[in-house]
Amino acid sequence: MSDKILIRMGDGERIYLSAQDIRDDILEGTRDAARRGKIPEMTKEEQERLFEIMAQPSRTVSVCPGEEVIVTDDGSSMSFYSGQDGGGVGVPMSRMQAILAYERACAADTVSMGHSDYSYKPVKPIINFEMNEYYNTSMVTTVPFFYGAQPNMGLYYQPDGPCPNPAELMPAGKIKEAREAQEQACEYLEKDLVFVGKKMAGIGCEGLNFDTCGSAGDADFLAALLAIEELKKDVPHLPIIMGSSGEFVLGMHGAVKYDGKRLAGMYPHDQVKVAETAGADIFGVAVNSNTSQSTAWNLARAVTFCKAAVDAAKIPVHANVGMGVGGVPMMEQPPIDSVSRVSTALAQLGKIDGL
């Protein structure tokens with residue numbers, strides 16, 4: 001196997017490929033992204049640099065000193081105290097202890113706190129508890145400290161919420177009713193995001209993270225945009241990160257618009273522009289990994305989409321690098337060999353401002 005290079009598939013399986021196979025996967029990956037997003041492919045020089053990153057024999061790779069980028073936290077401290085079923089290690093510690101351990105032991109650039117359900121709706125009835133917990137923790141943290149979770153509009157549909165469930169209406173051919181249900185849920189979600197945001201801002205919150213926006217479709221994405229717009233009117237000093245749930249906005253509704261632009265089908269370079277318009281301070285690009293393709297193929301797509309978003313953006317762009325996104329394999333515990341190569345490539349070739 002001396003003439004082969006060890007890399008991974010999108011599901012984490014280790015495979016050996018020839019140098020030409022890896023180069024071919026990189027070319028096919030960037031072409032796929034360019035075709036879907038109608039954006040430029042990686043140049044030949046960029047493709048060759050990506051091959052060099054993939055082909056390095058060391059287990060981990062990195063950028064050179066001085067080329068590092070900021071890492072924004074996305075609920076990472078939860079991994080300390082959550083159980084293995086939630087991707088954690090189950091250490092018996094409080095949220096404050098986990099946040100401080102992540103900040104001080106892991107040298108984090110930012111830290112964050114969120115409800116264990118990682119959604120905003122469950123926070124509303126316990127907002128006073130969350131405000132108290134955030135405030136107390138903020139007194140002993142040093143790096144920027146965000147409060148974050150997913151908008152998660154799915155929680156507003158029956159049986160979990162008040163709105164009729166589009167997943168039941170659409171198969172029955174009730175498209176109009178399904179759209180009306182999504183519009184109603186969008187209103188509820190926007191109000192809850194604004195409510196929590198204003199309450200947290202009132203006790204000196206250093207920033208909000210609206211993570212995985214659009215996970216329930218384009219109306220979910222719209223609710224986040226409208227909430228950001230409303231929050232920026234009342235608390236313009238509050239920094240807000242808006243992270244996407246995928247490389248394009250799912251058209252579950254199909255017709256909702258923001259700033260006159262149809263949201264369904266938007267790729268990262270268009271998503272970042274509406275996020276800017278709403279007032280977001282940082283936009284998080286998410287590019288989905290294909291489990292049946294190699295890491296080289298997936299990473300070439302991620303670099304291509306991220307580079308186009310950075311070129312289009314006026315605000316910082318931070319790529320989502322985690323389980324099943326950004327070129328990282330779909331594994332409960334993403335392997336360091338893949339994560340370090342993804343991080344290096346996105347920083348050097350994707351020109352992102354952070355991870």
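The values are calculated or read from the model by the stated rules, or taken from the named source; none is laboratory data. In this text, all values refer to a predicted model and were calculated from it rather than measured experimentally. Because the Cβ atoms are built from the backbone with ideal geometry, glycine has one as well, and the counts that use them run over all protein chains shown. Heavy atoms of the whole protein, side chains included, go into the accessibility calculation; ligands, DNA and RNA do not. Shrake-Rupley method; radii C 1.70, N 1.55, O 1.52, S 1.80 Å.
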In segment 328-351, is there at least one residue being touching a strand residue (DSSP E or B) at 6+ places or on another chain (Cβ under 6 Å), part of a strand (DSSP E or B) and either surrounded by 24 or more Cβ atoms within 10 Å (Cβ to Cβ) or in contact (Cβ under 8 Å) with a residue 40 or more places away in the chain (or both)? no
If you go through Ala201, Ala167, Ala172, the only one that is touching a residue at least 24 places away in the same chain (Cβ under 8 Å) and either of a type outside the set (Val, Ile, Thr) or closer than 15 Å to Lys124 by Cα (or both) is Ala201
Result of the Cβ filter at 7 Å on segment 217-236, keeping first residues that are open to solvent by 10 Å² or more (accessible area, probe 1.4 Å) and partners that are in a helix (DSSP H, G or I) and modelled with pLDDT of 95 or more, at least 6 apart or interchain, is Leu222/Cys186; Leu226/Glu190; Glu229/Ala278; Glu230/Val194; Asp234/Lys198; Val235/Lys198; Val235/Ala201
Would you call Pro166 touching a His at 6+ places or on another chain (Cβ under 9 Å) and either open to solvent by less than 70 Å² (accessible area, probe 1.4 Å) or closer than 17 Å to Val196 by Cα (or both)?
yes
Log entry, pairs with first residue in segment 60-84 being over 21 Å from Val317 (Cβ atoms) and surrounded by 13 or more Cβ atoms within 10 Å (Cβ to Cβ), second being of a type in the set (Phe, Trp, Tyr) and modelled with pLDDT of 85 or more, beta carbons closer than 6 Å, six or more apart or on different chains, reads Ser77/Tyr102
Pairing a residue in segment 2-13 that is farther than 16 Å from Val325 by Cα with any residue that is among the β-branched types (Val, Ile, Thr), where Cβ atoms lie under 8 Å and the two sit 6 or more apart in sequence or on different chains, gives Ile5/Ile22; Leu6/Ile15; Ile7/Ile15; Ile7/Ile22; Ile7/Thr295
Screening Gly246, Gly251, Gly197 for residues that are in a loop (DSSP other than H, G, I, E, B), in contact with a helix residue (DSSP H, G or I) (Cβ under 9 Å, 6 or more places away or on another chain) and either closer than 29 Å to Met323 by Cα or open to solvent by 30 Å² or more (accessible area, probe 1.4 Å) (or both) leaves only Gly251
Of those in segment 1-27 that are of a type in the set (Lys, Arg) and surrounded by fewer than 18 Cβ atoms within 10 Å (Cβ to Cβ), the residue nearest to the chain's Cα centre (by Cα) is Arg14
Within segment 180-191, is there a residue that is under 25 Å from the mean Cα position of the chain (by Cα) and either of a type in the set (Ser, Thr, Tyr) or not in a helix (DSSP H, G or I) (or both)?
yes
Of the candidates Ser138, Ser79, the one satisfying the condition of being of a type in the set (Gly, Ala, Ser), in contact with a Gly (Cβ under 6 Å, 6 or more places away or on another chain) and farther than 28 Å from His269 by Cα is Ser79
If you go through Glu41, Glu52, the only one that is in a loop (DSSP other than H, G, I, E, B) and open to solvent by 50 Å² or more (accessible area, probe 1.4 Å) is Glu41
Within segment 135-162, the count of residues that are farther than 22 Å from Cys186 by Cβ and in a loop (DSSP other than H, G, I, E, B) comes to 6
In segment 286-303, residues that are of a type in the set (Val, Ile, Thr) and either at pLDDT below 95 or open to solvent by 10 Å² or more (accessible area, probe 1.4 Å) (or both) total 1
**Message:** Just checking, does segment 86-103 include any residue being touching a residue at least 60 places away in the same chain (Cβ under 8 Å) and assigned to a helix (DSSP H, G or I)?
**Reply:** no
Q) Is one or more of the residues making up segment 278-291 charged (D, E, K, R) and either assigned to a helix (DSSP H, G or I) or within 21 Å of Pro335 (Cβ to Cβ) (or both)? A) no
Of (1) within 15 Å of the chain's Cα centre (by Cα); (2) within 17 Å of Phe283 (Cα to Cα), Tyr258 satisfies every one except (1)
If we keep only residues of segment 104-121 that are part of a helix (DSSP H, G or I) and free of Cβ contacts under 8 Å to residues at least 24 places away in the same chain, then the residue least open to solvent (accessible area, probe 1.4 Å) is Ala105
Filter segment 304-327 for residues that are outside any strand (DSSP E or B), among the aliphatic types (A, V, I, L, M) and modelled with pLDDT of 95 or more; the one that is nearest to Ala108 (Cα to Cα) is Ile315
Looking across segment 81-124 at residues that are over 12 Å from Thr137 (Cβ atoms) and among the aromatic types (Phe, Trp, Tyr), the single one that is modelled with the lowest pLDDT is Tyr81
